[in-house]
1. What single numbered condition from (1) touching a helix residue (DSSP H, G or I) at 6+ places or on another chain (Cβ under 7 Å); (2) on the phi > 0 side of the Ramachandran plot fails to hold for A:Glu15?
2. In segment A:50-68, which residue that is open to solvent by less than 60 Å² (accessible area, probe 1.4 Å) and assigned to a strand (DSSP E or B) is farthest from the other protein chains (Cβ to nearest Cβ)?
3. Keeping to segment A:28-39, report how many residues are farther than 23 Å from B:Pro8 by Cα and either open to solvent by 30 Å² or more (accessible area, probe 1.4 Å) or more than 8 Å from every other protein chain (Cβ to nearest Cβ) (or both).
4. Run down A:Ser98, A:Ser42, A:Ser76 and say which single residue is open to solvent by 50 Å² or more (accessible area, probe 1.4 Å), more than 23 Å from B:Ile56 (Cβ to Cβ) and either part of a strand (DSSP E or B) or within 14 Å of chain B (Cβ to nearest Cβ) (or both).
5. Can you tell me which of A:Ala71, A:Ala53, A:Ala87, A:Ala59 is free of Cβ contacts under 8 Å to residues at least 12 places away in the same chain and over 12 Å from the mean Cα position of the chain (by Cα)?
6. So is A:Val4 in a strand (DSSP E or B), within 25 Å of B:Glu3 (Cβ to Cβ) and modelled with pLDDT of 95 or more or not?
Amino acid sequence: AQTVTQSQPEMSVQEAETVTLSCTYDTSESDYYLFWYKQPPSRQMILVIRQEAYKQQNATENRFSVNFQKAAKSFSLKISDSQLGDAAMYFCAYRSRSNDYKLSFGAGTTVTVRA
Amino acid sequence: DTEVTQTPKHLVMGMTNKKSLKCEQHMGHRAMYWYKQKAKKPPELMFVYSYEKLSINESVPSRFSPECPNSSLLNLHLHALQPEDSALYLCASSPQTVSLRYGYTFGSGTRLTVV
């Protein structure tokens with residue numbers, strides 16, 4: 001079974017600064033996708049960024065970027081120029097064929113942004 | 001339309017009541033999902049529908065009964081719930097189940113309280 005581990009329950013960042021959230025996963029698959037979701041107090045889970053395992057280039061979406069280290073099975077999320085609206089719970093997720101294409105979520109990291 | 005709409009947003013029900021949660025999407029997605037989420041925890045998969053047929057039931061108690069009347073609509077019928085069933089119920093959709101690259105589009109959820 002695949003497991004996704006987020007070792008940081010909470011992170012705090014000053015507005016305009018950068019914060020990095022860690023995520024590691026355990027798999028024997030070679031073909032899979034990784035995702036970061038954001039869940040603000042409004043409750044809706046929002047897809048932030050995705051990464052295909054076969055692509056070595058790290059994905060970037062505006063102020064969000066990932067550091068994908070396939071051999072180390074690590075998938076960290078960097079939030080640059082943090083804004084108050086970035087305050088949320090962030091979930092790392094994994095999807096593969098062997099898991100019936102289901103999303104497996106990590107425990108989540110709560111990000112607080114200080115003004 | 002790029003949204004998943006869930007109604008109601010809040011629901012309080014007694015343990016002897018029967019109620020239903022509704023989820024609707026008009027993105028042409030053929031896979032729809034029900035999740036249960038407790039506070040500060042990741043979502044837990046309950047059911048998966050693929051092309052209007054139930055494809056995954058994660059051993060959910062029979063007091064939860066899903067229904068997919070058409071490709072745009074997903075219901076969750078609730079009967080004889082317990083207080084521990086109080087949670088946020090999230091609906092999600094994706095273009096199809098058997099493709100890794102798609103993340104899910106989530107609704108804002110129904111906050112359920114069982115009294």
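The values are calculated or read from the model by the stated rules, or taken from the named source; none is laboratory data. If you're wondering where the values come from, they're calculated on a predicted model, not measured in any experiment. Neighbour counts run over all protein chains shown; Cβ positions are idealised from the backbone, glycine included. What goes into the accessible areas is simple: the full protein's heavy atoms, side chains included, and nothing from ligands, DNA or RNA. Shrake-Rupley method; radii C 1.70, N 1.55, O 1.52, S 1.80 Å.
1. Among (1) touching a helix residue (DSSP H, G or I) at 6+ places or on another chain (Cβ under 7 Å); (2) on the phi > 0 side of the Ramachandran plot, the lone unmet condition for A:Glu15 is (2).
2. Selected residue: A:Ser65.
3. Looking only at that region, the number is 6.
4. Residue meeting the stated conditions: A:Ser42.
5. When all the criteria are applied, what remains is A:Ala71.
6. no
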